[in-house]
Structure formats: C-alpha cells, structure tokens
1. Among 101-109, 146-154, what's the highest-first ranking by average C-beta atoms within 10 angstrom per residue?
2. Hey, what do the phi angles of region 103-116 turn into as Karplus ³J(HN,Hα) couplings, whole Hz, using 6.51/-1.76/1.60 and θ = phi - 60°, x for Gly and Pro?
3. Taking a 25 Å limit on the Cα-Cα distance, which of the listed pairs Lys42/Lys157; Lys36/Lys128; Lys30/Lys154; Lys127/Lys154 fall beyond it?
4. Kirkwood hydrodynamic radius for region 30-199: how many Å is it when counted over pairs of different Cα atoms?
5. Taking amide H positions as placed in the peptide plane 1.01 Å from N, state which residues far from Phe75 in sequence (5 or more) or on other chains have amide H under 5 Å from it.
6. Considering Cα pairs under 8 angstrom that are at least six residues apart, work out the relative contact order of region 30-199 and quote it in whole percent.
Amino acid sequence: MGIFGKLFGGGKKVSKETIETRGFHMPDLKIPVDEKFTIYFKKNGGKFLYCEDDHEVTQALTNIISENNWQNFLFFTMDERLPGKFRSNNITFTDKRADSDIFFTTCEHLVAQDGSILVCSNQIREKKLSELPSNLIVLATTSQLVDSISEALKTIKDRYKGNIPNNITTLKHFESTPENKNDFLSYGSASKNVYLLLLEDY
C-alpha cells in the first residue's frame with residue numbers, strides 16, 4: 001500500500017459516521033488516540049501521510065512537492081533543524097516569510113480531541129497563524145499524540161520547566177463555527193492547506 005493510502009492500524013474500529021455526527025460537547029467515544037486524531041484531522045480538511053521511517057518521510061515530501069509543482073519554490077521555516085534534515089531533498093529554505101508561500105515546521109503536539117496541531121514560539125516565534133503562508137507542511141511523530149489540549153499544556157509545562165515557551169496556539173484550519181469562534185488558542189487562525197507527515201517513533 002502506498003504512503004498516501006496508509007492510516008493507523010490496530011485498536012477497535014469505530015464507524016466514521018458515528019464519531020463525525022456526534023456533537024462536540026457530547027461524551028467522548030472510547031477509541032484509540034491515534035485513530036481519533038486521524039478522524040478529526042481529516043474531518044477538518046487536513047491531508048494526512050503516515051510514515052514508518054525517515055525514508056518514507058522523504059518520499060512523502062517528494063510526492064507533496066511534485067503534486068503541487070513546488071520544485072522551484074522556497075520553503076519558509078523557523079525551525080533550524082529542518083534545513084539540515086532535508087538538504088538532500090533539493091529543497092531551498094528561507095527564514096524570510098515574504099519569500100515563500102510554503103511553511104515547513106515541526107510542532108509540539110497533535111491533539112486528538114479536535115484534530116488540531118499545537119505549536120508555540122519554538123515553531124512560529126511571535127507570529128500569528130494568519131501571518132503564516134497558506135500552505136503548511138508539518139512534521140510530527142506519533143509520540144506527540146495526546147488526547148486533549150489540557151494534556152498537551154501539562155506536557156509542555158513539565159518539559160520546559162522554568163522556561164515555558166510563549167505564543168502557544170492550535171492550528172485547526174477549519175472555518176469559524178459556533179463551537180470554535182471563541183477559542184482563544186486559535187486566535188489569529190486562518191484556513192490553511194495543511195499536510196501532516198506523521199513519523200512512527202513508538
């Protein structure tokens with residue numbers, strides 16, 4: 001099966017229709033956190049690519065570039081690790097937002113509760129989500145999956161004791177709805193074309 005057709009395996013399967021038709025504030029269904037994130041993230045409109053190793057990450061990134069004809073585009077990033085990691089992909093990186101319509105980043109957590117991606121100043125510095133390019137490629141690992149926003153915030157607090165990053169926000173990337181319009185963590189958000197490269201690291 002190709003990279004683009006892969007999803008998480010294992011665990012008891014729950015009908016997609018069942019979880020998608022439930023209200024946001026209804027009691028949560030007891031399904032694996034990876035499956036729950038996948039369902040909500042795709043429902044939000046994100047493009048999800050599961051990768052078993054670094055080779056598959058490289059291949060998936062190559063496919064994304066080819067699919068969108070981004071071969072000659074600059075990739076904007078604020079994560080100093082990414083240019084070194086993907087130098088062999090013939091990607092030219094820039095740290096200037098004005099030079100690029102593609103933002104390549106890591107994240108802090110993937111939140112299963114609503115299929116959102118949690119980032120902070122480590123990834124976006126002081127920028128609002130609306131100031132980022134409309135095309136986003138996010139590199140994450142399966143160990144970054146958490147069930148809820150509160151769990152994600154607790155983990156960040158424990159990890160960065162004494163030096164908690166600021167500008168913590170979630171990328172949900174769907175249009176404003178009555179449920180999310182007052183969500184302070186999504187302040188400044190705008191609809192984005194999001195690709196998630198999810199690397200298995202358990």
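Each reported figure results from applying straightforward, stated rules to the coordinates on display, with no laboratory input. Only a predicted model underlies this, so the values are computations on that prediction, with no experimental measurement involved. Every residue, glycine as well, gets a Cβ built from its backbone with ideal geometry; the counts of neighbours run over all protein chains shown.
1. Numbers: 101-109: 21.7, 146-154: 16.8.
Per-residue Cβ counts within 10 Å, averaged per peptide and sorted highest first, yield 101-109, 146-154.
2. Result, ordered by residue: 10, 10, 8, 9, 8, 8, 8, 10, 9, 5, 3, 9, x, 9 Hz.
3. Numbers: Lys42/Lys157 28 Å; Lys36/Lys128 27 Å; Lys30/Lys154 22 Å; Lys127/Lys154 23 Å.
Violating the 25 Å limit, Cα to Cα: Lys42/Lys157; Lys36/Lys128.
4. On the way: mean 1/r = 0.0612 Å⁻¹.
Hydrodynamic radius (Kirkwood, Cα only) of region 30-199 equals 16.3 Å.
5. Thr92, Phe93, Thr94
6. Rounded, it is 30 percent for region 30-199.
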